[in-house]
Amino acid sequence: MFSSASGTGAFDHEQGERQLALEYLAEAWNYAEDDGVQSASLAHASLFAALATFVKMHGDEATADLIAMLPDRIRSGEYNLDRILQ
């Protein structure tokens, strides 16, 4: 499902760390799929782990506020891996 993105241009430390984290997750995701784990199961488990981590780090309200912003971001294509940027 995921492939490593080629780095173009300079980016700050936080962006670089997020890119590295995504590459680790992509590798684990691909191994799990190779072992027969369904993408939907991986997605649900990943969302649960991410949300549980945010709740632990930032609390229920801050996490709920973050999640409340997701519909607009999803609709704008921010999470579409097939989106073509111009």
Full-extension gain between Asp35 and Ile67, please, as 0.36 nm times their residue separation minus the C-alpha to C-alpha distance. 8.5 nm
Once the other residues with Cβ under 14 Å from the Cβ of Ala26 are scored (Lys, Arg +1; Asp, Glu -1), what is the net sum? -3
Report the label-to-label distance for Ser46 and Ile84 in nanometres (one decimal), using points 7 Å from each Cα along the Cα→Cβ vector. 2.4
Taking loop as defined by DSSP and a crowding limit of 11 other beta carbons within 10 Å, which trypsin sites (Lys or Arg not before Pro) in segment 15-86 fit? Arg83
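Every number in this text was worked out from the coordinates using simple rules, so none of it is lab data. No experiment lies behind these values; they were computed from the predicted model shown. Glycine gets a Cβ as well: all are built from the backbone with ideal geometry, and neighbour counts include every protein chain shown.
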